[in-house]
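Report on one structure; see the data block that follows.
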Amino acid sequence: YYGLNASNKTMTFYDRSQDTNPCGVILGMPGAGKSFSAKREMESIWLGTQDDIYVLDPEREYAPMAKAFGGTIIRISNGSKAHINPFDINLQNAGEDGDPIKVKSDFIQSLCETAIGGRFGLSQIEKSLIGRCATRLYTDHVRELQATGKDMNPKTAPTMVDFYNLLMTQPEPEAANIALALERFVSGSDDLFSHHSNIDVKNRFVVYDIKDIGSGLKELGLQIAFDAIWNKMIENRAKGKRTWIYIDEFYLLMSKETSAEYISTIWKRARKWNGVPTAITQNVEDMLKSEQARTVINNSQFVTLLQQSPVNKKQLSNLLGLTIEEQKYISTSKPGMGLLKIGEDVIPINDDFPKDTHLYKIMTTKPDELIEA
């Protein structure tokens with residue numbers, strides 16, 4: 001249930017999971033009700049299905065709801081005992097050529113680009129070096145998995161330390177530069193992603209809380225947590241389960257070219273793995289500047305548009321083909337008022353959720369109404 005049709009006052013129901021393309025995007029200004037809209041959908045999924053729900057939470061907005069529903073909250077930060085190894089590999093996560101190492105290499109490239117920073121991304125030499133090291137890093141591990149009949153083994157997977165050490169053995173000076181950029185994540189105070197994974201997530205509702213991850217690590221944390229969820233989604237498909245993924249502050253994943261390319265490719269492959277990903281962001285202008293981010297929006301059958309600035313409203317209207325009449329619903333400052341775009345259909349919605357309910361109290365993000373997680 002997504003609220004009342006603002007035009008004819010009828011109730012609006014829709015099941016994204018039955019669509020040929022279940023991917024979704026929620027776009028709106030701060031205070032427009034983006035996270036509330038996402039939580040409304042999560043509540044329906046939790047109570048009405050047996051599907052799994054995973055949330056990437058950069059601002060600790062989803063913890064109260066997860067706690068109320070008996071979910072698991074994984075807090076990733078310096079000093080935390082919860083570890084995610086970004087070098088875990090699942091043999092089922094292979095591209096069209098059936099090569100899981102190539103897919104993992106693309107992900108490692110996106111991590112390195114984030115770690116190195118800079119305006120121009122990775123050079124072709126750096127990409128070649130990362131690809132070479134990734135192949136050498138995983139060859140023996142993949143043979144071990146194939147010999148034992150396993151798709152993945154977190155206990156024996158390579159780590160960032162192994163990757164760093166391998167880079168240091170390469171003769172090219174560019175390899176040393178990449179290793180230097182990764183050094184702080186290997187032996188410094190930010191080594192939280194250099195350990196083997198030790199989280200065993202069996203709950204249906206899981207929130208990855210990265211609010212306290214530290215300055216400059218949020219983008220990297222989003223990428224690594226997303227990859228961990230993707231591996232879980234592959235496991236779920238083998239069990240016949242559907243996986244819903246919600247990514248807040250999504251624009252951070254699209255801010256670097258390599259990362260954006262990787263995420264947009266994943267977006268296209270989600271349905272194959274019984275996945276229903278949803279991007280949530282207030283930084284619409286940053287999204288619209290990226291060709292890959294625009295591709296994500298265009299490849300999402302389900303788009304929720306809440307209040308927009310005049311500039312964003314104009315750009316989104318051009319991108320999505322909104323009429324002047326439809327644009328009125330995303331010009332309002334009323335939270336929960338907006339548009340649902342489902343394929344070619346555009347529906348004005350008004351989700352005026354009753355505030356004197358327990359559900360409202362665990363879903364609101366207004367500072368004066370928050371429940372402590």
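Throughout, read-outs are computed from the coordinates displayed, never taken from laboratory work. Just so it is clear, the model here is predicted, and its values are computed rather than measured. Cβ atoms come from the backbone with ideal geometry, glycine included; neighbour counts cover every protein chain shown.
With each pseudo-label sitting 7 Å past Cα toward Cβ, what's the Ala176-Asp345 distance in nm, one decimal?
6.2
Per 0.36 nm of contour for each residue apart, how much would the distance between Ala82 and Arg237 grow if the chain were fully extended, relative to their Cα-Cα spacing?
Numbers: separation 155, 0.36 × 155 = 55.80 nm, distance 2.48 nm.
Taking 0.36 nm per residue and subtracting the Cα distance, the gain is 53.3 nm.
How many angstrom separate the Cα center of the range 190-220 from the Cα center of the range 82-118?
Taking the Cα centre of each part, the range 190-220 and the range 82-118 sit 16 Å apart.
At a Förster distance of 22 Å, what's the computed FRET efficiency of Lys218 paired with His195, Cβ-Cβ distance as r, to 0.05?
0.70
Determine ³J(HN,Hα), in whole Hz, for all residues of the range 23-33 in sequence, where each value follows from phi through the Karplus function 6.51 cos²θ - 1.76 cosθ + 1.60 and θ = phi - 60°; x replaces Gly and Pro.
Whole-Hz 3J(HN,Hα) from phi for the range 23-33: 4, x, 9, 10, 10, x, 6, x, x, 7, x.
In the range 1-58, which trypsin sites (Lys or Arg not before Pro) fall in coil by DSSP and have 13 or fewer other Cβ atoms within 10 Å?
Numbers: sites: Lys9, Arg16, Lys34, Lys39, Arg40; in loops: Lys9.
For trypsin sites (Lys or Arg not before Pro) across the range 1-58 that sit outside H, G, I, E and B with at most 13 neighbouring Cβ atoms in 10 Å, the list reads Lys9.
Across all directions of projection, what mean area in square nanometres is found for the Cα convex hull of the chain? Walk me through the numbers before you get to the answer.
Numbers: hull surface 74.4 nm².
If I average the Cα hull's projected area over directions, I get 18.6 nm².
For a quick check: with amide H placed at 1.01 Å from N, whose amide H comes under 5 Å from Val25's, ignoring anything fewer than 5 positions away on the same chain?
Ala279, Phe302, Val303, Thr304
Too long at a 30 Å Cα-Cα cut-off: which of Lys9/Lys39; Lys202/Lys355; Lys39/Lys127; Lys268/Lys355; Lys102/Lys150? Walk me through the numbers before you get to the answer.
On the way: Lys9/Lys39 22 Å; Lys202/Lys355 32 Å; Lys39/Lys127 39 Å; Lys268/Lys355 37 Å; Lys102/Lys150 19 Å.
From the list (Lys9/Lys39; Lys202/Lys355; Lys39/Lys127; Lys268/Lys355; Lys102/Lys150), the Cα-Cα distance tops 30 Å for Lys202/Lys355; Lys39/Lys127; Lys268/Lys355.
With both bridge residues required to lie in the chain, what share of the DSSP beta bridges run antiparallel, to the nearest 5%?
Values: 13 of 40 bridges.
Within the chain, antiparallel bridges account for around 30 percent of the total.
At what distance in angstrom do the alpha carbon centres of the range 24-51 and the range 295-341 lie from each other?
Distance between centres, Cα-based: 17 Å.
Order of 235-244, 68-77, 304-313 by packing, highest average Cβ count within 10 Å first? Walk me through the intermediate numbers first.
On the way: 235-244: 16.0, 68-77: 17.6, 304-313: 20.1.
Top to bottom by mean Cβ count within 10 Å: 304-313, 68-77, 235-244.
Based on the alpha carbon coordinates of the range 273-330, what radius of gyration and maximum Cα-Cα distance (Dmax) apply, in Å?
Cα radius of gyration and Dmax of the range 273-330 are 11.8, 38 Å respectively.
According to a simple spin-label model (label point 7 Å from Cα along Cα-to-Cβ), what is the distance in nm between Ser128 and Ala147?
3.3
Tell me, what is the FRET efficiency for Asp352 and Thr323 to the nearest 0.05, using R0 = 25 angstrom and their Cβ-Cβ distance as r?
Numbers: r = 24 Å, r/R0 = 0.95.
After rounding, the FRET efficiency stands at 0.55.
Which whole number of Å³ per residue matches the convex hull of the alpha-carbon atoms in the range 100-193? Before the final figure, lay out each step's value.
Values: hull volume 8.9 nm³, N = 94.
In the range 100-193, the Cα convex hull volume per residue is 95 Å³.
Would you grab the residues whose amide H sits under 5 Å from the one on Val276? Only those 5+ places off in sequence or on another chain, please, with H modelled 1.01 Å from N.
Close amide H contacts, sequence-distant or interchain: Thr243, Trp244, Ile245.
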